[in-house]
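A short write-up of the structure that comes next.
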Amino acid sequence: MVRTGNKKSFPHLSNLVEESLCGLSPIQTIMKMAEERNIVKMGLNPEEVISFGGGWCNHHAPENLRNAYKEIVENKTYFHKSGRYSTIAGDYNCREQLARFEKNIYGVKGLQPSNIILGHSSTQLFHDILRVLCNAGDDICFLDPTYANYVNAVKCALPGSKMRFIPALESNTWEYLPDPDSSLEVLKSRCDKGARVFVIPVPDNPTSQIPTDEFLKGSLEILEDRGGFLILDCAYKSLWFGKMSRCFSWSSIDMPNLVTLHSNSKWLSGLGRRLGWIEADVNVTSGLEKLNESVLLSPDTMHSMATARFLEKTLEDRSLKSFIDETRRLYEKTAAVMIDSIDDCLGWNRLKPQGGLYTCCPTPEGEEPVGFVERVLKNTGVLLIPGRGFGPSMEQAVRLSYGPLCYGHELIKEGMERIGCFLSKSKC
Ligand SMILES: Cc1ncc(COP(=O)(O)O)c(C=O)c1O
């Protein structure tokens, strides 16, 4: 809590801010550590730091997308329209094109624009969908480990609700289950005690794994039986490496207990061009519309118009499929460089990514990860992310992101070599 130097003390803020959210989150802690002035204070040259910290992609967005923005900006009428409010559910044309995109690329059947609601980002929509599906105090289930940002999202959206973890990573063997039998039993018992929602990113952050069809189907059935919801967070959906997961074609038309959360951030390299959407039964999208009236009012019209134009053109000339295939191959190759470098230089246990931007490794000899990351950064100029914050199974582990280095494979190798040299203390 920041206090002024005045004699009169500053009035209290909400309990949420002063208590639940007080202090730095694990990710904020490490981002502070990685700030330029801190790097300089450590005696390092910021230009020589290799970061495996960033949770983002770095490929170029397709030229057709840039052209779509250009066409809007260059046409006086379109540009004027891009400055208008859209409906609360978002630009109809964009929702229509997103339904076409989901059908053509992934085989999602039957989606209508009314099953799609646009939002600012999946971060905003995640917060809001929790408020639509749950009451404050309802427990929410997550895989262990899971995306670290969910922690504060639950605190903000549902005061008093608790995160309940469903085991997915076996921290002794570093095997990714989640086991269709025992993990589903845990889910069942959590739902029987009142949990309403189970959230799974596919592919996952931080593990880049995709649970088996059996596990995902089993989870959905448990939630269907108990009147709950399965939320699949599809932030990394277009970045899958092997065979496409069957859940990518699931449709809320015949699965009303399914809600899928989407974003342009990763696949379109549009982290700063904020646009996300939700696909769900109309009862859910209508509920979200009520909430978004006061939270958002209008999703971004410019990004919606550009996305719609881009999808229409590239689905027509079939270049969208090629763009997605090229992009996911780029990250698959980058992931392979990361895994080979870990194997060659460190010999650590690691998870082989099935998509997405990350891998996870246990710290050597189970060292506490914040101190380990600090020690590695000071001595090698290489930044890793401590696992704390991603769930109990990552308490003695680190997350490594290869996403920002998709065009910098040599830096991935160099980063691993630097850590290997430092840890083995050999002259390299
Ligand atoms: C699993 C997951 N969901 C959502 C997001 C955030 O997406 P957006 O940029 O749409 O807010 C991230 C970002 O790293 C993520 O890892």
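The values are calculated or read from the model by the stated rules, or taken from the named source; none is laboratory data. Keep in mind it's a predicted model, so treat the numbers as computed, not measured. Heads up, the Cβs are rebuilt from the backbone with ideal geometry, glycines too, and the neighbour counts pull from every protein chain shown.
Taking (1) within 16 Å of the ligand (Cβ to nearest atom); (2) farther than 30 Å from LEU21 by Cα in turn, GLU185 satisfies each apart from (1).
Quick one: which of ILE231, ILE200, ILE222, ILE253 is farther than 28 Å from LEU65 by Cα and in a loop (DSSP other than H, G, I, E, B)? Going through ILE231, ILE200, ILE222, ILE253 in turn, the sole match is ILE253.
Cβ-Cβ contacts under 6 Å between residues 6 or more apart (or on different chains), taken from a first residue in the stretch 80-108 that is of a type in the set (A, V, I, L, M, F, W, C) to a second residue that is in a loop (DSSP other than H, G, I, E, B), are listed as ALA99/LEU111; VAL108/SER251. If you take the residues in the stretch 397-428 that are modelled with pLDDT under 95 and basic (Lys, Arg), which one is surrounded by the fewest Cβ atoms within 10 Å (Cβ to Cβ)? So, considering only residues that are modelled with pLDDT under 95 and basic (Lys, Arg), the one surrounded by the fewest Cβ atoms within 10 Å (Cβ to Cβ) is LYS427. Under 9 Å between Cβ atoms, which residue pairs at least 6 apart in sequence (or on different chains) link something in the stretch 240-255 that is surrounded by fewer than 20 Cβ atoms within 10 Å (Cβ to Cβ) with a partner that is hydroxyl-bearing (Ser, Thr, Tyr) and part of a loop (DSSP other than H, G, I, E, B)? So the pair list comes out empty.
I'd like to verify a number: residues in the stretch 166-195 that are in a strand (DSSP E or B) and crowded, with 17+ Cβ neighbours inside 10 Å, how many?
The first filter runs over the stretch 166-195 and keeps only residues in a strand (DSSP E or B), leaving 166-167, 169-170, 175-176.
Filter once more, so that each one left must be crowded, with 17+ Cβ neighbours inside 10 Å: 166-167, 169, 176.
Count: 4.
One residue stands out among those in the stretch 65-113 that are assigned to a loop (DSSP other than H, G, I, E, B) and charged (D, E, K, R): the one that is farthest from VAL295 (Cα to Cα), which is LYS109.
Here GLU48, GLU36 are screened, and the one residue that is more than 28 Å from CYS156 (Cα to Cα), in contact (Cβ under 8 Å) with a residue 24 or more places away in the chain and either surrounded by fewer than 16 Cβ atoms within 10 Å (Cβ to Cβ) or of a type outside the set (Ser, Thr, Tyr) (or both) is GLU48. When ALA136, ALA153, ALA168 are checked against the criterion of being within 16 Å of the ligand (Cβ to nearest atom) and more than 16 Å from the chain's Cα centre (by Cα), a single residue qualifies: ALA168. Cβ-Cβ distance below 9 Å, separation of 6 or more or different chains: which pairs start in the stretch 321-350 with a residue that is in a loop (DSSP other than H, G, I, E, B) and end on one that is among the hydroxyl-bearing types (Ser, Thr, Tyr)? Sorted first by the residue in the stretch 321-350, then by its partner, the pairs are TRP348/THR363; ASN349/THR173; ARG350/THR359. When SER393 is tested against (1) in contact with a Ser or Thr (Cβ under 9 Å, 6 or more places away or on another chain); (2) within 21 Å of ASN45 (Cα to Cα), exactly one condition is not met: (2).
I'd like to check something: does the stretch 261-276 contain any residue that is more than 10 Å from the ligand (Cβ to nearest atom), part of a strand (DSSP E or B) and touching a residue at least 24 places away in the same chain (Cβ under 8 Å)? Checked the stretch 261-276: no residue is more than 10 Å from the ligand (Cβ to nearest atom), part of a strand (DSSP E or B) and touching a residue at least 24 places away in the same chain (Cβ under 8 Å).
Going by the conditions given, is SER245 closer than 30 Å to PRO404 by Cβ and more than 14 Å from the ligand (Cβ to nearest atom)?
On the way: closer than 30 Å to PRO404 by Cβ: yes; more than 14 Å from the ligand (Cβ to nearest atom): yes.
It is true that SER245 is closer than 30 Å to PRO404 by Cβ and more than 14 Å from the ligand (Cβ to nearest atom).
For the stretch 56-114, enumerate the residues that are within 16 Å of the ligand (Cβ to nearest atom) and polar (S, T, N, Q). Once the filter is applied, which keeps residues that are within 16 Å of the ligand (Cβ to nearest atom) and polar (S, T, N, Q), the stretch 56-114 yields only ASN58.
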